[in-house]
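A.B. asks: One structure coming up, written as structure tokens, with questions to follow.
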Amino acid sequence: MRVITGDECGLLKESIPELSRRSTDPDAPATPYNSMPDVTKDGVCRIDPKEKQTRERGVVDLAWRNDAECEQFSFAALRKNGSVELWKAAAESRNKHANYVLEQTSKNIFQQERPNPLGLGVFCNHNRICAGDSLGNVVILKNDSDLLEEVQTYNAYKGSKRGETLSYTPGQALNAQLATAIAFDTSHGRVAVGGRERETCLIDIHTGVQVFKTKNLPPDPQTLLQQPVWPTAIQFLHNDMNTMAVGTAYKQVRLYDVRESSKIRRPTQTTPEDLLEYRVTSLCQVSDYELVVADGAGYIYCLDLRRLGRDLKAAANKDMGRYVGPAGSVRQLKKHPTLPRLAAVGLDRMLRIYDTKKRRQLDCIYLKQRINCVLVHGDDTWDVNDATVDVVDPDDLDIDQDDVVQEYVDSDEEGSHGDDSNEDADSVSSDDSEGNDEEAVDGSHEDGGESVEDNDVEFPSSHQRDSNSQSESSDNEDTESHSSETSSEESKDNSEAEEDDEDVIVVKAPKRRRRQ
């Protein structure tokens, strides 16, 4: 599995998590199931070794230009100075780094001295590349490796019904950052842009017309104050791209139905107020009903879309999954196209790979710089043969199979059986010991002359043994009769004492009054 990352210093790196894994020592002690993997630096190479580290050329976003599952693939990179680069790669082997070649590059496409790019998207069906900045400008480029030219430039806020004038965010200070989040609907050719105190709007990349605009939640019924709006992360859900998830800086996640025929502009689902604690920075869908949310404190949560409602004041059910590991703000999340793998990068300079089924961290690679974006290659042939992938038993998938239930055994019966077995064992051992004694005695008789001479030991005759046994039995009978007599005397004494107690009458003395 190949992972491409871009950091704030302008470096592009390729990582192969399988190469970074260290061989386990068979004599080492077993590690617990939830233990974190070791942080490694292996399996990483720079795509352009001649690139100098500078923040002016920091990588803002990455996007695939073609199918990322083949051996020859290409991707586009958007840098902080407004330039767009097209890279092409050829992988000779699954477990070796690919050879990258820079095909085409462009200058500042936003035509500003200090641009602030937001994101990059590639529309393969329309043969277009789209990039957006913080002022709401959307630049359309031709997806051609021979000539990377600008086709059209639109603005998400000037094309409204209010006219061509661009209004800034209300407040005492001038806020030049109008847009803070951007996302691309590659199937329908739409771009979603949202910013502080500005609702998310969708524009068409061919005409620049605003085809959809979200609407805020109703005011608070008690204070009649409007809910604050500040989108910071946008993600299109499902394969049809008709559902849009928006994460805000006010710790909320809202879902919208963005079909052009839809008449509902308000959120169809939203998270309660106390569910999330920090600013949402990235969103990623890992299954049909699971949405992974990352925030500015390094927490990665897994939300179940079926449990979300429309009431903002509802009780927050914090029983949700979490991906443990990041120590800083998470910048971007990306899922593998086919495997249950999730890549997370952020300000802690770590590339982390998770298993989406168990939410367990599999790999952790240190990349030295703070990372802004990540791309996951669709190659899954080598990772399937790895030992870390869980093999599912086909019997576990059959829900109609009968469970094997053992018969219930009572503890008393189990104990009685154990006592019987112990008694049998004691009897067998006693028989064996008696047999051994007899064998020893017989052996001594056979070698009687030598044993008497050597040890001077005389064994009793059979007549003496019979007399000894008779005396022992008589002694036992005497002791038993004596014990029975003593027990009968004690019982008589106890009965007489009880009769005396019944005849005694207890008289209580009257209490004396104290003088006042």
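The values are calculated or read from the model by the stated rules, or taken from the named source; none is laboratory data. All figures in this text were calculated on a predicted structure; none of them were measured in a lab. Positions of Cβ are backbone-derived with ideal geometry, glycine not excepted, and every protein chain shown enters the neighbour counts. Side chains included, ligands, DNA and RNA excluded: accessible areas come from the protein's heavy atoms. Shrake-Rupley method; radii C 1.70, N 1.55, O 1.52, S 1.80 Å.
A.B. asks: Examine the range 94-107 for a residue that is hydrophobic (A, V, I, L, M, F, W, C), open to solvent by 60 Å² or more (accessible area, probe 1.4 Å) and not in a strand (DSSP E or B), and state whether such a residue exists. Give the derivation first.
C.D. replies: Residues of the range 94-107 that are hydrophobic (A, V, I, L, M, F, W, C), as a first pass: 98, 101-102.
Then keep just the ones that are open to solvent by 60 Å² or more (accessible area, probe 1.4 Å); that gives 101-102.
Still in the list and also not in a strand (DSSP E or B): none.
Looking for residues that are hydrophobic (A, V, I, L, M, F, W, C), open to solvent by 60 Å² or more (accessible area, probe 1.4 Å) and not in a strand (DSSP E or B), one finds none in the range 94-107, hence no.
A.B. asks: Another question, if that's okay. What residue, among those in the range 286-304 that are part of a loop (DSSP other than H, G, I, E, B) and hydrophobic (A, V, I, L, M, F, W, C), is nearest to residue 345 (Cα to Cα)?
C.D. replies: First, the residues of the range 286-304 that are part of a loop (DSSP other than H, G, I, E, B): 286-289, 296-299.
Going one step further and asking which of them are hydrophobic (A, V, I, L, M, F, W, C), we end up with 286, 297.
On the way: 286: 16, 297: 13 Å.
In this case the residue turns out to be 297.
A.B. asks: Please state which one of 44, 39 is open to solvent by 20 Å² or more (accessible area, probe 1.4 Å), modelled with pLDDT of 90 or more and under 20 Å from residue 326 (Cα atoms). Give the derivation first.
C.D. replies: On the way: 39 fails: modelled with pLDDT of 90 or more.
Within the list 44, 39, the selection yields 44.
A.B. asks: Further question on the same structure: Being buried (at least 22 other Cβ atoms within 10 Å of the Cβ) and small (Gly, Ala, Ser) is the filter; apply it to the range 327-355 and report the residue that is farthest from the chain's Cα centre (by Cα).
C.D. replies: Among those residues, the one meeting the criterion is 346.
A.B. asks: Within the range 146-194, which residues are assigned to a loop (DSSP other than H, G, I, E, B), in contact with a Gly (Cβ under 6 Å, 6 or more places away or on another chain) and modelled with pLDDT of 90 or more?
C.D. replies: Once the filter is applied, which keeps residues that are assigned to a loop (DSSP other than H, G, I, E, B), in contact with a Gly (Cβ under 6 Å, 6 or more places away or on another chain) and modelled with pLDDT of 90 or more, the range 146-194 yields 179, 180.
A.B. asks: A follow-up question, please. For the range 260-294, enumerate the residues that are under 14 Å from residue 236 (Cα atoms), open to solvent by 80 Å² or more (accessible area, probe 1.4 Å) and touching a residue at least 40 places away in the same chain (Cβ under 8 Å).
C.D. replies: Across the range 260-294, the qualifying residue is only 288.
A.B. asks: Right, something else. Take the conditions among the aliphatic types (A, V, I, L, M), more than 30 Å from the chain's Cα centre (by Cα) and in a strand (DSSP E or B) and apply them to residue 203. Does it pass?
C.D. replies: Numbers: among the aliphatic types (A, V, I, L, M): yes; more than 30 Å from the chain's Cα centre (by Cα): yes; in a strand (DSSP E or B): yes.
Criteria met by residue 203.
A.B. asks: Okay, next question. Identify, please: which residue in the range 188-228 is surrounded by fewer than 19 Cβ atoms within 10 Å (Cβ to Cβ) and hydrophobic (A, V, I, L, M, F, W, C) and is, among those, nearest to residue 137 (Cα to Cα)?
C.D. replies: By that ranking, first place goes to 209.
A.B. asks: Which one is most open to solvent (accessible area, probe 1.4 Å), of the residues in the range 59-93 that are among the polar types (S, T, N, Q) and not in a loop (DSSP other than H, G, I, E, B)?
C.D. replies: We begin by selecting, within the range 59-93, every residue among the polar types (S, T, N, Q); these are 66, 72, 74, 81, 83, 93.
Subsequent filtering for residues that are not in a loop (DSSP other than H, G, I, E, B) retains 72, 74.
Numbers: 72: 118, 74: 12 Å².
Of everything passing the filter in the range 59-93, 72 is most open to solvent (accessible area, probe 1.4 Å).
A.B. asks: When the range 79-124 is examined, which residues are found to be polar (S, T, N, Q), touching a helix residue (DSSP H, G or I) at 6+ places or on another chain (Cβ under 8 Å) and in contact (Cβ under 8 Å) with a residue 40 or more places away in the chain?
C.D. replies: Selection gives 95 alone.
A.B. asks: While we're on this one: Looking only at the range 300-326, how many residues end up being open to solvent by 50 Å² or more (accessible area, probe 1.4 Å) and touching a residue at least 24 places away in the same chain (Cβ under 8 Å)? Walk me through how you get there before you give the answer.
C.D. replies: Pass one, the range 300-326, residues open to solvent by 50 Å² or more (accessible area, probe 1.4 Å): 306-307, 310-311, 313, 315, 317-319, 322, 324.
Subset that is touching a residue at least 24 places away in the same chain (Cβ under 8 Å): 310-311, 313, 315, 317-318, 322, 324.
Residues in the range 300-326 being open to solvent by 50 Å² or more (accessible area, probe 1.4 Å) and touching a residue at least 24 places away in the same chain (Cβ under 8 Å): 8 in total.
A.B. asks: Report yes if residue 74 is in contact with a strand residue (DSSP E or B) (Cβ under 6 Å, 6 or more places away or on another chain) and more than 13 Å from residue 10 (Cβ to Cβ), otherwise no.
C.D. replies: Considered against the rule, which asks whether it is in contact with a strand residue (DSSP E or B) (Cβ under 6 Å, 6 or more places away or on another chain) and more than 13 Å from residue 10 (Cβ to Cβ), residue 74 comes out as yes.
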